[in-house]
1. Leaving out ligands, DNA and RNA, and with a 1.4 Å probe, what % of the accessible surface on the chain is carbon or sulfur?
2. So, in nm, how far is label Thr221 from label Asp137 when the simple model puts each one 7 Å beyond its Cα toward the Cβ?
3. Which value at 222 nm does the chain reach when only helices count, each DSSP H run of 4 or more adding -39,500 (n - 2.57), with the total divided by all residues and rounded to the nearest 500 deg cm²/dmol?
4. Once fully extended, how much extra length lies between Asp195 and Ser30, figured as 0.36 nm per residue of separation less the alpha-carbon to alpha-carbon distance?
5. Quick one: Cα centre-to-centre distance for segment 190-229 and segment 33-73, in angstrom?
6. If you take the beta carbon distance between Glu206 and Gln179 as r and set R0 to 25 Å, what does 1/(1 + (r/R0)^6) give as a FRET efficiency, to the nearest 0.05?
7. Any idea how far apart Asp7 and Arg64 come out in nm if each label point goes 7 Å out from Cα toward Cβ?
8. Kindly identify segment 57-159 as rounded, prolate or oblate by the Cα gyration tensor criterion: order the square roots of the eigenvalues as a ≥ b ≥ c, call it rounded if a/c is under 1.5, otherwise compare a/b with b/c, prolate if a/b is larger, else oblate.
Amino acid sequence: MLFRIPDQHVFPDPSLSEPSGLLGVGGDLSVPRLLLAYRQGIFPWYSDGQPILWWSPDPRMVLRTDSLKVPRSLGKRIRQQRYRVTMDQAFSQVIRNCKSADRPGQAGTWLTQAMLDGYDALHAAGHAHSVEAWDADGSLVGGLYGVAIGQLYCGESMFAHAPDASKVAFVHLVRQLHQWGFPIVDCQVYTDHLDRFGATEVPRQEYLRTIQPLVAAPGKTGTWAFDAG
């Protein structure tokens, strides 16, 4: 069943989504609506020329932060410390690099200008966070961004302009989230890439039950930084 999202900040029950995971159309990308959506296991995903589309897929791809798998070759790359990894130092650059990243099998990008504006505002409000990988010459060569509410981190997109740069950033993020008490990373939908990191698919209802106490927990808002050491 497909719903028209009203001007009021409300969403239908995610369990009423179509088999594809598509739940509704319309609304806006204001900070309050985006936060409400993520709290309910819903996220926006659409392309230029389309109305805003809201999704809650079943099953849901989830990575437990205590179950991260790091392939041997990637572990070697991390130990080489080729990249300097930071948090929230270049959010706008990261999301715009994600927009322009070449993705095989995809025509165009789902990061419309309205999406960029919405997540920029969410970052300014302290709820969207980036991780950056910098090369030795100070160039931004990889990164990722996502949304944090309470003790839930929802990954959105990543890019890499150098070997394994986004993967290195992702491993650093997951390890830090684990130390901060974030038990899962919402990865949205299955990819081979996420499967190799140990992410698994769970039924939507299980995901929704899992995140209820997480999004109600005290969170880390504002600018993030890796713990020292």
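The values are calculated or read from the model by the stated rules, or taken from the named source; none is laboratory data. Here the structure is a predicted model, which means the values were calculated and not measured. All Cβ positions, even for glycine, are placed from backbone atoms using ideal geometry, and neighbour counts span all protein chains on display. Ligands, DNA and RNA are stripped out before the accessible areas are found, and what is left, the full protein with its side chains, is counted by its heavy atoms. Shrake-Rupley method; radii C 1.70, N 1.55, O 1.52, S 1.80 Å.
1. It is 51 percent, rounded to a whole number.
2. The two pseudo-label positions are separated by 4.1 nm.
3. The helix-only estimate for the chain comes to -9500 deg cm²/dmol at 222 nm.
4. Values: separation 165, 0.36 × 165 = 59.40 nm, distance 3.19 nm.
Answer, rounded to one decimal: 56.2 nm.
5. Segment 190-229 and segment 33-73 have Cα centres spaced 10 Å from each other.
6. 0.50
7. Modelled inter-label distance: 4.6 nm.
8. Taking the square roots of the gyration eigenvalues as a ≥ b ≥ c, segment 57-159 is rounded.
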